[in-house]
Amino acid sequence: MSSPRPVPLADGTPEAIQPWLERYCSTEVVTALNPDISQQRRNAAVADTGYPTPSEDGGTARGDARRAAEALGRQLGHGFRAESDGPGIVWTDGPTVEAVRRAAAEVPGADAPGLGLRRELSASAVALGAVRIAAGTRTPVPGGDITPGSVTTFWQNTTLPTPTTERERDLVYAVIYEVRDDRRSNTARPADICDLVTSGLGRLARRLDLSPLERLTDRYATGAARRAWHRALVPMPPEDALLAVHGDPCARPEHVRAALTVFSAPPPHLAAAAASLRARLRQS
């Protein structure tokens, strides 16, 4: 762009300076001349001078969203960004939409009409929500369907969805890894995550560090116990696991050893079965 020519200020009229401003200054620059002016007063002044409005010259709606996102980030200590295709603010995980809405009311520019707020969920948050819905560890969403929408609803009142146990972290990793492996992709889309969890968590067992009881469940569970394991990795009752191994004459030594660990001390009615398993180990 060529260097600005001298401004004919001597004329002393808006008409004289308007062409120069239109050619050499953006709306942002003109706004910056008086950063304390309200939106209403600025719009009125623009209308009086005939200077192009944001809708006429490409606008500053995204610029306003960017500045509001920066202000919200400073206030809430989380990363916010302007929408790439509209006047809105988007962030990943972090605070809830309601919390951001309350904060926006205190941030100049962030409470502007039409400035949307949209919270995205990371692949980890989607996987964790889907796992919790499947496992029923929280109140299920209406209908119990595992979809990107139901996961968003599940987390709507939760700030920064995060695994609370090592097992949950393992499950989240396993879900995402399995989706990427299935799709041969470095990304895991929310819909694919939800579809995999809906199909059952049992297929993830090979990616997890299973307890002895879980290993026996994966091998021996039948009927309702099998369905519970396949759907949500719910292990079978310890007594059933021990008896299943006892009733399997072809049980491998590792399964026999696992069966003997499901109780620290077998109850009296299982003492004979446990003794039989110990004898089988000695003979192997």
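The values are calculated or read from the model by the stated rules, or taken from the named source; none is laboratory data. Just so you know, these numbers come straight off a predicted model, no measurement behind them. Heads up, the Cβs are rebuilt from the backbone with ideal geometry, glycines too, and the neighbour counts pull from every protein chain shown.
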Within the stretch 112-132, is even one residue aliphatic (A, V, I, L, M), over 30 Å from ALA228 (Cα atoms) and at pLDDT below 85? yes
Condition check for VAL172: touching a residue at least 60 places away in the same chain (Cβ under 8 Å) and part of a helix (DSSP H, G or I): no
The one condition in (1) in contact with a Phe, Trp or Tyr (Cβ under 8 Å, 6 or more places away or on another chain); (2) surrounded by 19 or more Cβ atoms within 10 Å (Cβ to Cβ) that ARG207 fails to fulfil: (2)
Selection within the stretch 215-268 - assigned to a helix (DSSP H, G or I) and touching a residue at least 60 places away in the same chain (Cβ under 8 Å): ARG231, ALA232
Just checking, which of THR152, THR158, THR137 is hydroxyl-bearing (Ser, Thr, Tyr), modelled with pLDDT of 90 or more and part of a loop (DSSP other than H, G, I, E, B)? THR158
Checking the structure you have, find out if any residue of the stretch 87-104 is assigned to a loop (DSSP other than H, G, I, E, B), in contact (Cβ under 8 Å) with a residue 60 or more places away in the chain and among the aliphatic types (A, V, I, L, M). no
